[in-house]
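These notes concern the structure reproduced below.
The values are calculated or read from the model by the stated rules, or taken from the named source; none is laboratory data. In this text the structure is predicted, and so the values were computed from the model without any measurement. Glycine gets a Cβ as well: all are built from the backbone with ideal geometry, and neighbour counts include every protein chain shown. Accessible surface is based on the protein model in full, side chains and every heavy atom, while ligands, DNA and RNA are left aside. Shrake-Rupley method; radii C 1.70, N 1.55, O 1.52, S 1.80 Å.
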There are 2 protein chains.
Amino acid sequence: MDLFVSKYFNKIDKKGRISLPSSFRNVLPKANKNEIILYKSIKSQSIEGCGVGRLKEIAKRINNLDFFSEDYDDFSTSIFSEIVTTNVDKEGRFLIPEEFKLYAGIKTEAAFFGQGHFFQIWEPKQGLKNTEVSRRRLLKEKKSLRMMLTQQK
Amino acid sequence: MDLFVSKYFNKIDKKGRISLPSSFRNVLPKANKNEIILYKSIKSQSIEGCGVGRLKEIAKRINNLDFFSEDYDDFSTSIFSEIVTTNVDKEGRFLIPEEFKLYAGIKTEAAFFGQGHFFQIWEPKQGLKNTEVSRRRLLKEKKSLRMMLTQQK
DNA sequence: TGGGATTATATGGGCGTCAATGGGTATATG
DNA sequence: CATATACCCATTGACGCCCATATAATCCCA
């Protein structure tokens, strides 16, 4: 499986370390197994993360913008300066920057939610509530969810 | 990681030295690990910096502008003639020219903002304000930041 | 197939190393 | 000779690496 799926609830220890779920670690390419990027989610009070490979994609895209334009600076600033890279230690743990923990309201425990090509880190209760809200919205607004899930190709 | 990412706030000591963030030092090619170039940003009250290797890339971009346009001369003059090279000492510190500090309003502390292939040095408060403004401008526009972040290759 | 044995994962903690910062002194440069 | 800059050494706190353990998952063989 090369996608981030399922959800996990892990603890933050005294040193601020938290385990990246094993199944998430396995999604990272062997070459960059010990480095991930984190950034504050734009749409919610959560942290999003993924392997460094995605960052290089983004860099390429930004690089194609007109270098002397305002857009270039806006994207470049909003993305590169807001992203942090974090090292995953041999035991699979990493540090969440203090600023990010504040943003997401995370204290001693965090919830990892697989999102396919990336994952989200939530304060556990808020994360569960968000799942609930998302699902309800989906069921109400899109009757097609059922179809999508049951349809065969 | 071979990109300048994240942001850092470092102090300038009595001798005028300031540490280039460790992760930025690692982006510089091993061959020219102790030399960086600095120039005044043409778009903001900040200083931009990068490894000497990037000079070629800057030259190329300027070259792509219409040779007979005013822009060409302006950019060419504004950037090339204003570039200074600075040595990074064994502890990873360097000196910011007085004129540049004045330009950016930097006194005792400076903020480093990763911009992918280069970085910016700001007076801390102004840097944060700039990030805020950039982000707000992006969120308002149709070209969404989200697309940039989540789009797949 | 049951159940002990091996492996993996999440978590805890010691300790050495490195990054950021401060300061003394030699060296250079005009 | 005066000022600026490079080199060297020191300090502190953060972080990475190593080792340890408990629980859970997997395996393997009788």
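Some notes on this structure:
- Only listed residue being more than 24 Å from A:PHE68 (Cα to Cα), more than 16 Å from DNA strand D (Cβ to nearest atom) and in contact (Cβ under 8 Å) with a residue 40 or more places away in the chain, chosen from B:THR108, B:THR86: B:THR108
- Among the residues here, B:PHE24 does not qualify as at negative phi, in contact with a Leu (Cβ under 8 Å, 6 or more places away or on another chain) and either open to solvent by less than 60 Å² (accessible area, probe 1.4 Å) or assigned to a helix (DSSP H, G or I) (or both).
- Residue count for the stretch B:37-93, restricted to those that are over 21 Å from A:ASP73 (Cα atoms) and within 16 Å of DNA strand C (Cβ to nearest atom): 10
Per-residue answers, yes or no, for (1) over 30 Å from B:GLU48 (Cα atoms); (2) small (Gly, Ala, Ser); (3) more than 13 Å from DNA strand D (Cβ to nearest atom); (4) in contact (Cβ under 8 Å) with a residue 12 or more places away in the chain:
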position	(1), (2), (3), (4)
A:LEU3	yes, no, yes, yes
A:SER23	yes, yes, no, yes
A:LEU28	yes, no, yes, yes
A:ALA31	yes, yes, yes, no
A:GLU35	no, no, no, yes
A:SER41	no, yes, yes, yes
A:LEU55	no, no, yes, yes
A:LEU65	no, no, yes, no
A:SER69	no, yes, yes, no
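- Given (1) within 19 Å of B:LEU3 (Cα to Cα); (2) in contact with a strand residue (DSSP E or B) (Cβ under 8 Å, 6 or more places away or on another chain), index of the condition A:VAL5 fails: (1)
- A:LYS56 vs. criteria closer than 24 Å to B:LEU138 by Cα and either over 15 Å from the mean Cα position of the chain (by Cα) or open to solvent by 40 Å² or more (accessible area, probe 1.4 Å) (or both): yes
- Among the candidates B:ILE62, B:ILE83, B:ILE42, residue that is away from every other protein chain (no Cβ under 14 Å) and not polar (S, T, N, Q): B:ILE83
- Some residue of the stretch B:101-109 being within 20 Å of B:ARG25 (Cα to Cα), at pLDDT 95 or above and open to solvent by less than 10 Å² (accessible area, probe 1.4 Å): no
- Residues located in the stretch A:1-21, provided they are under 14 Å from the mean Cα position of the chain (by Cα) and surrounded by fewer than 18 Cβ atoms within 10 Å (Cβ to Cβ): A:LEU3, A:VAL5, A:SER6, A:LYS7, A:TYR8
- Count of the stretch A:59-85 residues, restricted to those that are surrounded by fewer than 19 Cβ atoms within 10 Å (Cβ to Cβ) and at pLDDT 90 or above, is 1.
- Flag for B:GLY16 being within 30 Å of B:GLU132 (Cβ to Cβ) and within 15 Å of DNA strand C (Cβ to nearest atom): yes
- Hey, A:PHE112 under 14 Å from the mean Cα position of the chain (by Cα), more than 12 Å from every other protein chain (Cβ to nearest Cβ), part of a strand (DSSP E or B) and closer than 30 Å to B:PHE119 by Cα or not: no
- Residue ID - surrounded by the fewest Cβ atoms within 10 Å (Cβ to Cβ), chosen from residues in the stretch A:27-53 that are of a type in the set (D, E, K, R) and outside any loop (DSSP other than H, G, I, E, B): A:LYS30
- A:GLU91 being open to solvent by 40 Å² or more (accessible area, probe 1.4 Å), within 26 Å of A:ILE12 (Cβ to Cβ) and part of a loop (DSSP other than H, G, I, E, B): yes
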